[in-house]
1. Here is a check on your reading of the model: is Arg105 surrounded by fewer than 17 Cβ atoms within 10 Å (Cβ to Cβ) and part of a helix (DSSP H, G or I)?
2. Within segment 170-210, count every residue that is among the polar types (S, T, N, Q), in a loop (DSSP other than H, G, I, E, B) and closer than 17 Å to Ala149 by Cα.
3. Within segment 261-275, is there a residue that is aromatic (Phe, Trp, Tyr) and exposed (fewer than 12 other Cβ atoms within 10 Å of the Cβ)?
4. So is Val328 over 27 Å from Leu355 (Cα atoms) and surrounded by 13 or more Cβ atoms within 10 Å (Cβ to Cβ) or not?
5. When you go through Val24, Val69 one by one, which is the residue that is of a type in the set (Val, Ile, Thr), within 30 Å of Ile315 (Cβ to Cβ) and either touching a Cys at 6+ places or on another chain (Cβ under 8 Å) or surrounded by fewer than 16 Cβ atoms within 10 Å (Cβ to Cβ) (or both)?
6. Answer yes if at least one residue in segment 248-256 is of a type outside the set (Ser, Thr, Tyr), out of contact with any Leu (no Cβ under 7 Å at 6 or more places or on another chain), touching a residue at least 60 places away in the same chain (Cβ under 8 Å) and assigned by TED's automatic domain parsing to the domain that holds Gly137, and no otherwise.
7. What's the number of the only condition in (1) more than 17 Å from Ala153 (Cβ to Cβ); (2) in a helix (DSSP H, G or I); (3) without any contact (Cβ under 8 Å) to a residue 60 or more places away in the chain; (4) not polar (S, T, N, Q) that Ala119 fails to meet?
Amino acid sequence: MRPGALALLLGGAAALLAGLAVVVPFLLRATGSSGLLVGFVLSLFPLAIVLLAVFAVDRWEPEPRGLIVLALVWGAVMSVAATALIQPLFLDAFGPRSGAAATLRFLATVEAPVVEESAKGLGLLILMLAAHKYVDGPVDGIVYGMTIAAGFAFTENILYFGRFFSETSGSAASLAVIFTMRGVLSPFAHAMFTGTLGLIMGLAARRWSPGLVVGAFLVGLAPAMLLHNIWNSGGEDFFLLYVLVQIPLFGAAALGVYFLRRAEARLTHARLVEYAQAGWFSPLEVEMLATPRGRSAGLRWAGGVGRRPAMRSFIRTATDLAAARQRVLSGRDVRGYAAAQQELLDRIGRERDALLGVSGGRPQL
């Protein structure tokens, strides 16, 4: 392992242990051991819902699983630890000087949006700066933002579910109410907040510049915090706000992701057409590799002959090839592109041979 990678690994492990040293005692104090266990089990349900949505969004050009896990861990541990440490300082510096009701409202409508979105967003910023070659546009930003948010909501749900279990002596009715509110009606709340930040940062990442991404981070925090504030301001009007504001916002977000996925597919198609013009792919292969209908047909055929994993690898490598060329055309990752392109083209050839039994050289692009 290279010294730089080893240092990054050791630093990440140390940060994780430090975060756990803050988060686990914090949860135990708030929930007790029984509440912690109940909260953990119940929190798996909304976590699974959000992660399934993340995988659905990420299907066209899947992100490295290691980075997805890193994003999830940041959300579940590091952002929660940062929030727990900063919250009392923020309250002391900016909070109301008297009144329990005013303090609770401040925590919900000011402190939570500012501190939590900053803590989650910091992880997104670090990931984009450290692994920028894997962030090609807004869809990738949304995927990482939603994943960090899923981790944060998971730990926050453990706190809420476990605390209600402890405070109500295990009342099933009380637990069912809070589970319905957080686990059924609003599993995507945090995902929408931080996903908005990821969208804005992903747009900036199309033309890579560290300064541009940092600027997008600062700009993107505003709508993320605003959405969080609106969500937490519902109070007694929660259900009215949920129907009139949150459901339309969720629908708009889902529609936006759909159109962004369509745009991502069109870029893949355009880049593979260029390779087809140089003889690396046939027109039929381009349609199979770069359109949703073509991919579905190709996977069905491959499944019928027992080669579905090989077809998945073929599709993934072709998508990586298109993404690498798109980064260069947008002025990113120019250095080392020729060698990376050739490695991907060689892999395409081997995977085609394994899939179809076709052999032979291909011309250079």
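1. Yes: the conditions hold for Arg105.
2. Total meeting the criteria: 1.
3. No: segment 261-275 contains no residue that is aromatic (Phe, Trp, Tyr) and exposed (fewer than 12 other Cβ atoms within 10 Å of the Cβ).
4. For Val328, the condition - over 27 Å from Leu355 (Cα atoms) and surrounded by 13 or more Cβ atoms within 10 Å (Cβ to Cβ) - is met.
5. Details: Val24 fails: within 30 Å of Ile315 (Cβ to Cβ).
From the options Val24, Val69, the qualifying one is Val69.
6. Step one: list which residues in segment 248-256 are of a type outside the set (Ser, Thr, Tyr), which gives 248-256.
Add one more test, that the residue is out of contact with any Leu (no Cβ under 7 Å at 6 or more places or on another chain), and what stays is 248-256.
Of the ones still in play, those that are also touching a residue at least 60 places away in the same chain (Cβ under 8 Å) are 250, 253.
Still in the running and assigned by TED's automatic domain parsing to the domain that holds Gly137: none.
There is no residue in segment 248-256 that is of a type outside the set (Ser, Thr, Tyr), out of contact with any Leu (no Cβ under 7 Å at 6 or more places or on another chain), touching a residue at least 60 places away in the same chain (Cβ under 8 Å) and assigned by TED's automatic domain parsing to the domain that holds Gly137.
7. Evaluating Ala119 over (1) more than 17 Å from Ala153 (Cβ to Cβ); (2) in a helix (DSSP H, G or I); (3) without any contact (Cβ under 8 Å) to a residue 60 or more places away in the chain; (4) not polar (S, T, N, Q) leaves (1) as the failure.
Conditions tested, residue by residue: (1) buried (at least 20 other Cβ atoms within 10 Å of the Cβ); (2) not in a loop (DSSP other than H, G, I, E, B); (3) not acidic (Asp, Glu).
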{"position": "Thr31", "(1), (2), (3)": "yes, yes, yes"}
{"position": "Ser34", "(1), (2), (3)": "no, yes, yes"}
{"position": "Glu61", "(1), (2), (3)": "yes, no, no"}
{"position": "Thr109", "(1), (2), (3)": "no, yes, yes"}
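The values are calculated or read from the model by the stated rules, or taken from the named source; none is laboratory data. Small disclaimer: the values here were computed from a predicted structure and weren't measured. Note: ideal-geometry Cβ built from the backbone for every residue, glycine included; neighbour counts use all protein chains shown.
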